[in-house]
Each structure stands twice: as structure tokens, then as C-alpha cells.
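Below is one structure, written out as C-alpha cells; comments come after it.
The values are calculated or read from the model by the stated rules, or taken from the named source; none is laboratory data. What you see is a predicted model, and the numbers here were worked out from it, not measured in a lab. Every residue, glycine as well, gets a Cβ built from its backbone with ideal geometry; the counts of neighbours run over all protein chains shown. Just so you know, the surface numbers come from the protein's heavy atoms only, side chains and all, with ligands and any DNA or RNA stripped out. Shrake-Rupley method; radii C 1.70, N 1.55, O 1.52, S 1.80 Å.
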Amino acid sequence: RLAAAGHQVYSASRNPGRTGLPAGVTPVAVDVGDPESGRAAVRSVLSAAGRLDVLVNNAGTGEPGALEEIPDQRAHEIFEVNLFGPMRLAAAAVPLMRERGGGRIINVTSGNDTVPAPFAGTVQTS
């Protein structure tokens, strides 16, 4: 709807060519679990659009299972995507928004953030 209304819209994904995007939406490759990838994506949008008004953090991952069975490495990966990735994207976007007098950051999460599910010992957002 935003692109159809004439706004510049960018859709970030690890595999931007995997799914079709509506007309007017520009794909951007980003892995929010990789610190440099998120910053590079923000720079890419700024370079192409000249501004960044809205950031929607919607990436998420999880691993169902008993807490004691989730390997530490997987728990770290989950936190990279679900917590640190959105924080880094916001940190990269805020100065750009501040320069223009404001902007919006929207963080989308899962219902599991407030109503835990059985065998969901790690943070699971999407």
C-alpha cells in the first residue's frame, strides 16, 4: 500500500529474491544477525533514497525445545536476530532520523513474548 501510494519502500531479507515483492518495493539483502550487514543495509537505503523515515524491525527466529536442550551457540544466534539485530538497526537509523527532525521505529514481536509457550525456553520473536 505504501509503495502504491508513491512512497519509497525497501524490503530487507536474507534472501531478497526468494519471494516476489509488490511493484515499487525495492529488495535489500540483510542478515540482522550479522552486525555489519544491518549497518550496510541502512547505508544502502540512505544512498538510494536520500533519507530514512521509518524502520520496521520484523525479523525473528526461535528454537522450540526445553531450555536445557538448546545449545549455547543457538541461543546466541537467537538473541543476535531477535534482540541485538533490531537494536543495531535502530542505532544506525536514529541519527539519520534525528538529522531530518524525526522518524518512526516499529518493532514487531511474537505473542510468545508475553504469553510463553511450553518448550519455548529461548526468546522467540518474529
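Quick check on Arg98: is it of a type outside the set (Ser, Thr, Tyr) and modelled with pLDDT under 95?
Against the criterion (of a type outside the set (Ser, Thr, Tyr) and modelled with pLDDT under 95), Arg98 does not qualify.
Leu89 passes all but one of (1) open to solvent by less than 30 Å² (accessible area, probe 1.4 Å); (2) over 23 Å from Ala3 (Cα atoms); (3) part of a helix (DSSP H, G or I); (4) in contact with a helix residue (DSSP H, G or I) (Cβ under 9 Å, 6 or more places away or on another chain); which number fails?
(2)
Can you spot a residue in the range 14-27 that is farther than 17 Å from Ser110 by Cβ and either buried (at least 19 other Cβ atoms within 10 Å of the Cβ) or touching a helix residue (DSSP H, G or I) at 6+ places or on another chain (Cβ under 9 Å) (or both)?
Scanning the range 14-27 turns up at least one residue that is farther than 17 Å from Ser110 by Cβ and either buried (at least 19 other Cβ atoms within 10 Å of the Cβ) or touching a helix residue (DSSP H, G or I) at 6+ places or on another chain (Cβ under 9 Å) (or both).
Using the structure shown, decide if Ala40 is open to solvent by 70 Å² or more (accessible area, probe 1.4 Å), farther than 22 Å from Ser110 by Cβ and either under 11 Å from the mean Cα position of the chain (by Cα) or among the aliphatic types (A, V, I, L, M) (or both).
Answer is no for this residue.
From the residues in the range 49-79 that are open to solvent by 70 Å² or more (accessible area, probe 1.4 Å) and closer than 20 Å to Met97 by Cβ, which one is modelled with the lowest pLDDT?
Checking each candidate, the answer is Asn58.
Among (1) out of contact with any helix residue (DSSP H, G or I) (no Cβ under 8 Å at 6 or more places or on another chain); (2) over 24 Å from Thr109 (Cβ atoms), which single condition is Glu77 missing?
Only one criterion in (1) out of contact with any helix residue (DSSP H, G or I) (no Cβ under 8 Å at 6 or more places or on another chain); (2) over 24 Å from Thr109 (Cβ atoms) is unmet by Glu77, namely (2).
Consider only pairs whose beta carbons are under 7 Å apart and that are at least six residues apart or on different chains; among these, list those whose first residue lies in the range 68-81 and is over 12 Å from Val32 (Cβ atoms) and whose second residue is open to solvent by less than 100 Å² (accessible area, probe 1.4 Å).
Short answer, once both residue conditions are applied: Ile70/Glu63; Ile70/Gly121; Ile70/Thr122; Arg74/Glu63; Ala75/Thr122.
For the range 1-42, which positions are touching a residue at least 24 places away in the same chain (Cβ under 8 Å), part of a helix (DSSP H, G or I) and not small (Gly, Ala, Ser)?
The answer is Pro35, Arg39, Val42.
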